Each structure stands twice: as structure tokens, then as C-alpha cells.
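The values are calculated or read from the model by the stated rules, or taken from the named source; none is laboratory data. Keep in mind the model is a prediction, meaning the values are calculated, not measured. Cβ sites come from the backbone with ideal geometry, for glycine too, and all protein chains shown count toward neighbours. All accessible areas refer to the heavy atoms of the entire protein, side chains included, with ligands and DNA or RNA removed. Shrake-Rupley method; radii C 1.70, N 1.55, O 1.52, S 1.80 Å.
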Amino acid sequence: MAQTIAIVDYGMGNLRSVYQAFHHVAPNDNVLIAHQPEDIRSADRVVLPGQGAMPDCMRHLEESGLLEALLEASKTKPLLGVCVGEQMLFDKSAEVRAGEQWTPCLGLIPGEVRRFDLAGQKQADGSAYKVPHMGWNQVRQDQQHPIWSGIPDLTSFYFVHSYYVVPQRNDNVAGSTEYGDWFTSAVARDNIFATQFHPEKSAEYGLKLYQNFVSWKP
């Protein structure tokens with residue numbers, strides 16, 4: 001039986017690559033871009049992608065009218081966060097407007113979002129670490145999870161980000177990546193899974209991760 005997968009559109013960036021990836025892995029399902037609260041409320045699964053600055057993302061989400069429906073869905077429906085969509089799940093972010101200390105986020109997973117501080121650190125080839133962290137990097141699977149099914153440990157995925165999540169609880173850490181130091185690159189809690197990397201830009205195993213989400217029964 002066909003299900004509906006809602007990709008949340010709160011006006012921040014091009015969702016086409018995420019939409020196309022889900023359409024590819026779930027051709028018999030109804031994949032839609034969610035512009036209205038009812039699109040989320042009537043969906044079976046919800047995807048929260050994101051790009052851009054956190055203060056703008058949170059403001060656009062609130063102004064779009066989708067925030068309440070998203071919070072409702074997060075209680076019961078399988079929810080997948082991607083990139084800034086992962087960071088938004090946490091309590092607060094250090095990515096702020098001038099004069100502010102934190103940007104309040106969704107508060108669905110305890111913890112905060114910090115900026116990479118890699119000044120003075122050198123990579124193995126002697127070059128300096130750059131921010132943003134951009135390109136392919138390995139993900140260590142820190143817990144068994146259905147979303148990792150069929151994906152080898154230490155598979156490389158595609159990243160582009162200057163901020164990363166710091167969960168309060170170790171049991172929310174689903175994957176880690178080394179860039180200067182180890183940071184959390186995937187998180188899990190009940191019916192929620194999220195990645196800092198972009199599965200839709202990560203070739204075969206990125207599509208496999210999306211396929212696993214489509215069939216996941218938390």
C-alpha cells in the first residue's frame with residue numbers, strides 16, 4: 001500500500017535533489033513537498049531537510065505555519081532530519097544573529113549545536129583544516145540501527161557544514177566522523193533519525209539510507 005512522504009518546505013533552499021532521491025527509492029509512494037500544515041499531518045513519514053543559517057531557518061519555519069504540525073508529527077511519525085534539519089532538532093545553536101548568544105531550536109533531542117574550532121590544527125598532509133568541512137568523509141556507526149541496514153561501517157558520505165551537534169546523551173549518537181576531532185554526524189531517538197551529511201549527494205549508500213527510512217518501522 002502506497003504511503004505519503006512529506007518533505008518539509010519552509011522556504012530555505014532547493015529541495016529538488018531530496019525530492020528526486022526519495023522519488024527514486026520509493027517510486028510507488030506519494031512523495032510531496034509539504035507547503036501546508038495539512039501536508040505534514042496527512043503524511044506517513046516526514047523529512048526535514050535544511051540549508052542556510054540557523055536563525056533564518058528557524059524564523060522561516062515559524063513563519064511558514066509548519067512548525068506546529070512538524071512538532072506534532074515528531075511525536076509519532078518516522079522523522080528524518082538532514083544537515084541543518086538535523087541541527088534544528090536540538091535545544092539551541094551557536095549560529096546566531098549579531099548580539100545574541102544562542103538561537104533556540106526545536107528541542108526534540110537534548111543538546112546543542114557548536115561551530116568547528118580548528119584554528120592551528122593540521123591535517124595529515126600538513127595543510128590546515130578548513131571550515132566549512134566540505135567533501136566526502138567516513139561515518140562510524142556507533143549503534144546498530146535499521147537505518148544503517150546494508151550500509152557498511154565507515155562508509156563515506158558527503159558533508160558541507162560549519163556547525164555540528166553535541167548531544168547530551170550518548171545513546172542519541174548514531175554515527176561519528178573525524179575532522180580535527182570526532183564529532184557526531186548522525187543521531188537517533190525513538191522515531192527520529194538525522195544526519196549531518198547529505199544522503200541525496202552521497203551516491204549508492206546515501207540512496208540506501210533513504211530507502212531504509214522509507215521502510216523503517218520504529
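Couple of notes before you dig in:
- Taken about its Cα centre, the chain carries a charge dipole of roughly 220 debye when the Cβ of each Lys and Arg holds +1 and the Cβ of each Asp and Glu holds -1.
- For Glu63 and Ser127, a Förster radius of 41 Å and the Cβ-Cβ distance give a FRET efficiency of 0.50, rounded to the nearest 0.05.
- Sum of side-chain charges, Arg97 neighbourhood, beta-carbon under 15 Å (Lys, Arg +1; Asp, Glu -1): -1
- Label positions at Ala94 and Lys217, each projected 7 Å from the Cα along the C-beta direction, are separated by 4.2 nm.
- From the C-alpha gyration tensor of the range 1-91, square roots of 5λ in Å: 20, 15, 11
- Helical mean residue ellipticity (222 nm; -39500 (n - 2.57) per DSSP H run of 4+; nearest 500) of the chain: -7000 deg cm²/dmol
- Whole-angstrom gap from the range 64-89 to the range 11-46, using each part's C-alpha centre: 13
- Positive minus negative residues near Met12 (Lys, Arg vs Asp, Glu; Cβ under 10 Å): -1
- Among Cys57, Cys105, the order of accessible area from largest down is Cys105, Cys57, computed with a 1.4 Å probe on protein heavy atoms.
- In the assembled protein chains, Ser127 presents an accessible area of approximately 40 Å² (probe radius 1.4 Å).
- Rounded to 5, percent antiparallel among DSSP beta bridges of the chain: 60
- Where Tyr210, Tyr179, Tyr205 fall by accessible area, highest first, once all protein chains stay in place (1.4 Å): Tyr205, Tyr179, Tyr210
- Kirkwood Rh in Å, taken over all unlike Cα pairs in the chain: 17.4
- Accessible surface, 1.4 Å probe, highest first, among residues Lys92, Lys217: Lys217, Lys92
- DSSP-defined beta bridges in the range 42-159 - what % are antiparallel, rounded to 5: 55
- Counting only the Cα atoms, the range 60-176 fills a convex hull of 140 Å³ per residue.
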